Each structure stands twice: as C-alpha cells, then as structure tokens.
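Structure first, then comments.
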Amino acid sequence: MELYYKLLLYLDKRGFLNEMKKNCVSFLFECNTDKQSNRFPPLRQLLELDIMDLLNIFPDLGDFLIKEPLQFQRICNDILYACVKSLEYENKQNIDVMQVAVIIRLKCFPPHITYPNQRQYNGVIFLKGLLLDISTPSSYVFHTVWSCPEECENNEVILQFIPKAPPKCYICRNILFENSGLRRCGEQVKATFISEFELIPKKYLVADDLIPKLKIGRIYNIHVVVLKKIKAVWSVEETTYLPAPLTYPIPEDIKELFEVCDGVPWKFIYCLASPIGARVCPLHCFMHVKISLLLSLVSVKANSVLGSPIINVLISGYETKYVGDLMREAAKLADRSVLLGNSHGSVKTSFIASSGGVCFLPLPLYLYNQKQISHVLKTLESGEITTENSEMKMQCAVWAHTNYSKKITINNLSSIFGTVCRGDYGEYSDDISEFLLRGSMEETKMSRDEVKAIETVMSYINLTAGMNVTLDRTAENLLKNYFLAARKERPQVATIGSIGALIAVSMTSARLCHRSVANIDDALLAIWLHVCASPEPRFAPEEYLQTPPCIQKLHKNMTHFKDWLEQFTGSCIL
C-alpha cells in the first residue's frame, strides 16, 4: 500500500490528479447525455511520466515502474477508476472497470539504467534504432462488448481484446454474441526499426498518439514492455544532435596542426585528410579524393545538426579500384554507412538506412543495373525518398565512382552530383606499387598513432559540425565570377548544380576550420577541386592541379593556380 500512497502523492504534486478529475467529469457527462448511442465508451487517460523526476522524488517508485511496468499501470488504472466512482453523477455505477485505462508514456528515460533480467524481457526495455518503414494504419480494439441472447439483466461483458472463443453468460450459460456497434477501436502501425548492433530489422506496433511522432530516417529511443509474445511500445523519443558549444576545447593535435598551416584552409584540410585510408595507399596519394570525402563527412554531420546541404561525391578517372577501397575506409568515420550492392540492393532502403551517414557504391557505376542507377540519380536530383506511405528528405551522402573508359557521360552525372572529384589518372602507380610491395614484405598492425589520428579526426568532425557559416562578400564574388567564366567557356562542365556544390564546399571548408564566415581561401579550395576534376581538356594547366607529396610544393602549385584564376575570372584574389 505504501506504493499507492507515494504514487498518489506524486500524481497530486505534479497535477495529474486534477487532470484525471477533469477527464472523468467530461467522460461522465458524455455518458449521461446520450445513453443509447454512447453506451460503454472508453475512458483513456494519457500519463506522461518524467522518469528522472520520478526517480529524484521517489526513487523506489521509479525503480518499481522500470522493473514492474505492468503492475505500475494496474495501480494507475485503479486510481483512475476510483476517481470516476468518487464523482456524483447519474449511472456512474454502470461504468465497468474494463472501460477505464491509463496510457503511460515515458520521457527522459536514462538509457544507462539496466537490470540483470533484461535478457528475460522483464521491465521496461530501452532500445535505440533507426526507423526504416511505417505500414498503413490499421485498427485495434480498446474493448469489445458481449451480450446475452436471452437478455439477462446486467450480463453484458466488456473485454479489452477479441477472444478466440466467445464467452458464456454467467446466468443462463448461453454463448454471448458481440455487439459490433459497441466495439471501440484505435489506430496502430507497424514500425520497422534497425539497431546499429543488430543485422535484422525488427517490427513494433506503435499506437495512437505516438504515430505522428514517427518520421522515416530518424533515430528513436524506444521503450518497450513485453506482454507474453506481444511487444508494447510505451513511448518513442526522437534523438537529436546538439551542436557543441563554441567554448568546447579543440584537440591539441588539431590546434597545433592548424597553427603550423597558418590557418590556410587548403593546407589544413590537406593535412587533416591525409590519414584517411592510410592502410590502402600512401599518405600523399589521391588527396583530391580524401579531401572530398572528408568534406562530405563534415557536411553529413552538419546536416544532422543544422540541416545544411550535403556534399555528394562522384569520383572519376581511368582506373578507380583504389578509390573504392578509400571510400570503404572513409565510411568508417561516419556515424553509419551502408554498402549498396549491384545484385540484391534496394536503393530506397539503402538510402533510408544510411540516414545521417553515408551510402557508398564500392563498384564502378557501369557494373550496377540500369534500374539502380536511374533510381540513384532520380533520388539525388529530387532530394526526396518516396515510400508507400510517406515522403522524406534525403539525409545521407552518396559516394560513387566511375571511369572514362566506359560509356557513361560524366557531364550528365556532374549536373546531378554537383561536381566530380579527380580520381586515379595513373600518376600514383609507382608509389602504390612500392607501397604494396613493402606491405607484403613487412606485415604491420595498425599502430596506436594511426588509431589516435583517426579518432581525433572523428571527434573534430563532431565538434565543428554545429558551426553556422555564412559567405563573405569577397568569397561570394569570386565564386560568382568563376561560375560565369566557366559557364561561358564550357557550359556542360559548369552546370547549374555546380554553383550549389561550390558554395557547399566553401562553407564546409570554413566549418572544418572552425570559422563562422567562409572567406576567399575557402572559395579558392572549392574552385580548385572543381577545376581539378573537370573533363579534359581542363581550364587550368595540368601541373597546377596535381597534389604533390609535400606542403611546400602544394603551396607553389596553389600560388600559380591563384595567378591563373585571376586571369580566368578577372578578379583580384590577393
């Protein structure tokens, strides 16, 4: 009985008892106004409990709720039924206990609370998963009413389910029949969730007030109570990413690297991206690819926090085998990644499952069937994923690669992806051969420094993702002048989608440098990446577009590229 008293005190202290009284008054008023057509209506009371608040005031009561949720709900039902009986209304004695039910919703549930009996599915089970699909709504019963064919007095039976066999009358023992007109129903859907620790998606029944909260592609905290073979979802809470505060300390390694690079974006990002795929190729190889993948990772995280544009990556070249391996390694830095196969891969499901992360195509585009390619391009062009019951905005980055030897028009693809990244043109063949030979002779495990470098990059991406960035006037003018000049020179290379990609790269570059304003150096990096990947013949001389193995030579290349860009656009950069 002590738990009853504590629960009554808590409900009274938080104003829930007053809400119950108001709900009971309106319920009894409706029952008395129309007694014929409104017989046996359901009384449902929504009770939203703050678990942290309950544990703070009555720790044993909160512990009882988490361990024995069904008993806790029965106590709440008894309180609500007692509230109905305490009011002075006509025919209140006809209200059956089966008409009354409390619907408990949990919030601020601490995920670190676990109990040894979790494997036995006792208590409230905390799950976390990404919503993949929602079925069409279907009805379920609040309660059913069964009557005696002999019309025995006061022998109508109310059940909160549909029994397999009809019940019998308590007086004449005849089989009761259901008054279908008195059946009270609600709505429920089957929601398919996938957890990061499970390979197979699981379906849960989500009912009534929780349905509007479901949005495909979002991550939810799910609180489940298992009833024999049925899993009842008590509440779902969408998880949101909050930006890191500006005062949060930057890792010392990153801070020192930024100071050594004098705060120049293309120097800093060059060094920051070099550890990606360190076990696949030398640090200085495929730097265009590594930089583009790093910028895409930052844009995906920023999209989850701020809703900013996502940078998709399409890599071209003569041979792109190592590019696929690099994408696989870089995808490990994302919150989640999905590999799209060429035989049994659903594009729609892959894009939804990779929301907040990366969906990468490890094989060249020409190896995928035409239906998959058209679905990928159509979804990228519209930016929306259409399912049977809803539509959602695309929330993942797409990484793909192709080569010039196959009959796929790069210009058409670049208009959809926004830009094309410079891949393998044979300039790294000797370095890669030496790297592979050394690796075959000296098998080495990943060192602590390599692991630390990757972890530092991941933490820094999370730290900078919440930066709100704007373009300054000089960067905006440079991007505009370059786009107009490139459009005049070759319209099929500078597509309409290119200007959006240039702006996104510039702003992501500033975000990665922990700045709130994108300056002319960020715009220069975006233009350099765009020119490097344009089909041959390129706008700028080839020697300005390659990435040398050291910063000093890269600085000389960028200095010459600035001179060329001033002549090409007619803008003064310095």
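The values are calculated or read from the model by the stated rules, or taken from the named source; none is laboratory data. A quick note: this is a predicted structure, and the numbers were derived from the prediction, not measured. Cβ atoms come from the backbone with ideal geometry, glycine included; neighbour counts cover every protein chain shown. Protein only, heavy atoms only, side chains kept; ligands, DNA and RNA dropped before computing areas. Shrake-Rupley method; radii C 1.70, N 1.55, O 1.52, S 1.80 Å.
Rundown of residues vs (1) of a type outside the set (Asp, Glu); (2) open to solvent by less than 50 Å² (accessible area, probe 1.4 Å); (3) at negative phi, yes/no style:
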site: Arg473; (1), (2), (3): yes, no, yes
site: Asn481; (1), (2), (3): yes, no, yes
site: Glu489; (1), (2), (3): no, no, yes
site: Ala523; (1), (2), (3): yes, yes, yes
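Give Ala533, Ala485, Ala475, Ala540 a once-over and let me know the one that is farther than 17 Å from Ser308 by Cβ, among the aliphatic types (A, V, I, L, M) and touching a strand residue (DSSP E or B) at 6+ places or on another chain (Cβ under 9 Å). Break it down stepwise before answering.
Details: Ala485 fails: touching a strand residue (DSSP E or B) at 6+ places or on another chain (Cβ under 9 Å); Ala475 fails: farther than 17 Å from Ser308 by Cβ; Ala540 fails: touching a strand residue (DSSP E or B) at 6+ places or on another chain (Cβ under 9 Å).
Just a single option satisfies the conditions, and that option is Ala533.
Scanning segment 252-279 for residues that are open to solvent by 30 Å² or more (accessible area, probe 1.4 Å) and among the aromatic types (Phe, Trp, Tyr) yields one hit, Phe258. Taken as a whole, the structure leaves Arg422 outside the set of residues that are out of contact with any Pro (no Cβ under 7 Å at 6 or more places or on another chain) and open to solvent by 70 Å² or more (accessible area, probe 1.4 Å). Taken over segment 148-179, residues that are in a loop (DSSP other than H, G, I, E, B), among the hydrophobic types (A, V, I, L, M, F, W, C) and open to solvent by 100 Å² or more (accessible area, probe 1.4 Å) amount to 2. Evaluation of Thr240 against the conditions (1) part of a loop (DSSP other than H, G, I, E, B); (2) at pLDDT 85 or above shows that the sole unmet condition is (2). Each residue in segment 359-380 was checked for being part of a helix (DSSP H, G or I) and either hydrophobic (A, V, I, L, M, F, W, C) or more than 20 Å from the chain's Cα centre (by Cα) (or both), and 13 of them qualify.
Suppose we keep only residues that are of a type in the set (Gly, Ala, Ser) and either under 18 Å from Leu333 (Cβ atoms) or touching a residue at least 40 places away in the same chain (Cβ under 8 Å) (or both) within segment 351-400. Which one would you say is most open to solvent (accessible area, probe 1.4 Å)? Selected residue: Ser390. Across segment 241-270, which residue is nearest to Ser304 (Cα to Cα) among those that are without any contact (Cβ under 8 Å) to a residue 24 or more places away in the chain and of a type outside the set (Asp, Glu)? Once the filter is applied, the top-ranked residue is Pro245. Among the residues here, Gly217 qualifies as of a type in the set (Gly, Ala, Ser), open to solvent by less than 80 Å² (accessible area, probe 1.4 Å) and in contact (Cβ under 8 Å) with a residue 60 or more places away in the chain.
Considering segment 56-106 alone, what residues qualify as being of a type in the set (Lys, Arg) and open to solvent by less than 80 Å² (accessible area, probe 1.4 Å)? Break it down stepwise before answering.
At the first step, the residues of segment 56-106 found to be of a type in the set (Lys, Arg) are 67, 74, 85, 92, 105.
Those that are of a type in the set (Lys, Arg) and open to solvent by less than 80 Å² (accessible area, probe 1.4 Å): Lys85, Lys92, Arg105.
Could you identify the single residue in Val457, Val469, Val493 that is crowded, with 17+ Cβ neighbours inside 10 Å, touching a helix residue (DSSP H, G or I) at 6+ places or on another chain (Cβ under 9 Å) and closer than 19 Å to Leu326 by Cβ? It would help to see each step written out before you state the result.
Working: Val469 fails: closer than 19 Å to Leu326 by Cβ; Val493 fails: closer than 19 Å to Leu326 by Cβ.
Every option except Val457 fails the conditions.
Tallying residues that are surrounded by 24 or more Cβ atoms within 10 Å (Cβ to Cβ) and among the β-branched types (Val, Ile, Thr) within segment 300-309 yields 1.
Candidates in segment 113-132 are the residues that are outside any helix (DSSP H, G or I) and open to solvent by 70 Å² or more (accessible area, probe 1.4 Å); of these, the one that is modelled with the lowest pLDDT is Thr114. Just give me the residues in segment 534-548 being surrounded by 13 or more Cβ atoms within 10 Å (Cβ to Cβ) and either assigned to a loop (DSSP other than H, G, I, E, B) or at pLDDT 80 or above (or both), in sequence order. Hits for segment 534-548 are Ser534, Pro535, Arg538, Phe539, Ala540, Leu545, Gln546, Thr547, Pro548. Give segment 468-512 a look and list any residue that's acidic (Asp, Glu) and assigned to a loop (DSSP other than H, G, I, E, B), or say none. Listed by number, the list holds a single entry, Asp472.
Take segment 303-342 and flag every residue that is under 20 Å from Gly497 (Cα atoms) and part of a helix (DSSP H, G or I).
If we filter segment 303-342 for residues that are under 20 Å from Gly497 (Cα atoms), which is where we start, we get 303, 307-316.
Of everything in segment 303-342, just one residue is under 20 Å from Gly497 (Cα atoms) and part of a helix (DSSP H, G or I), namely Asn303.
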